[in-house]
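> For reference, the structure I am asking about is given below.
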Amino acid sequence: PPTRGRVHPVTLPAAELVVTTHIGEHEGIDVTYGELGSWVVSNALTVAGPVRERYLVGPRDTDDSAAWRTEIGWPVFRVANKP
């Protein structure tokens, strides 16, 4: 993996993730984060570490921003038993 400026490879520990995919350009990704956060709260989960993003398809792959796909994964754990 390339190392440039503050970007450097790291090995992340295994974690249980709640995952969603943001479709399209990165403007508006905050809405996807908000929807994922609402789902986490409504399912009695809490965040257990830093959020992870994987760029499945992005500007390096295509100029068509409608084709971009960003996977957002939140490490979580259950805070209450949900019926």
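> Specify whether the C-alpha gyration tensor of the stretch 24-83 places it in the rounded, prolate or oblate class, a ≥ b ≥ c being the square roots of the eigenvalues: rounded for a/c under 1.5, otherwise prolate if a/b is larger than b/c and oblate if not.
prolate
> At 1.4 Å probe size, with every protein chain present, just tell me what the per residue accessible area of the stretch 3-83 comes to in Å².
Ligands and nucleic acids excluded, the result is 74 Å² per residue.
> Tell me, what HN-Hα J-couplings in whole Hz come from the Karplus equation 6.51 cos²θ - 1.76 cosθ + 1.60 at θ = phi - 60° for each residue of the stretch 39-47, using x for Gly and Pro?
5, 4, 5, 5, 10, 6, 10, 9, 6
> With label points built 7 Å along Cα→Cβ from the Cα atoms of ILE29 and THR62, find their separation and express it in nm.
For ILE29 paired with THR62, the spin-label model returns 1.8 nm.
> If you roll a 1.4 angstrom probe over the protein chains with everything in place, what fraction of the accessible area of the chain belongs to carbon and sulfur, to the nearest %?
Carbon and sulfur: 55 percent of the exposed surface of the chain.
> Continuing with this model, one more query. Quick one: compute the contact order of the stretch 17-68, relative version, from alpha carbon pairs under 8 angstrom and 6+ residues apart, as a percent.
The value is 45 percent.
The values are calculated or read from the model by the stated rules, or taken from the named source; none is laboratory data. Keep in mind that this is a model prediction, so the values were computed, not measured. Glycine gets a Cβ as well: all are built from the backbone with ideal geometry, and neighbour counts include every protein chain shown. SASA here: full protein model, heavy atoms, side chains in, ligands and nucleic acids out. Shrake-Rupley method; radii C 1.70, N 1.55, O 1.52, S 1.80 Å.
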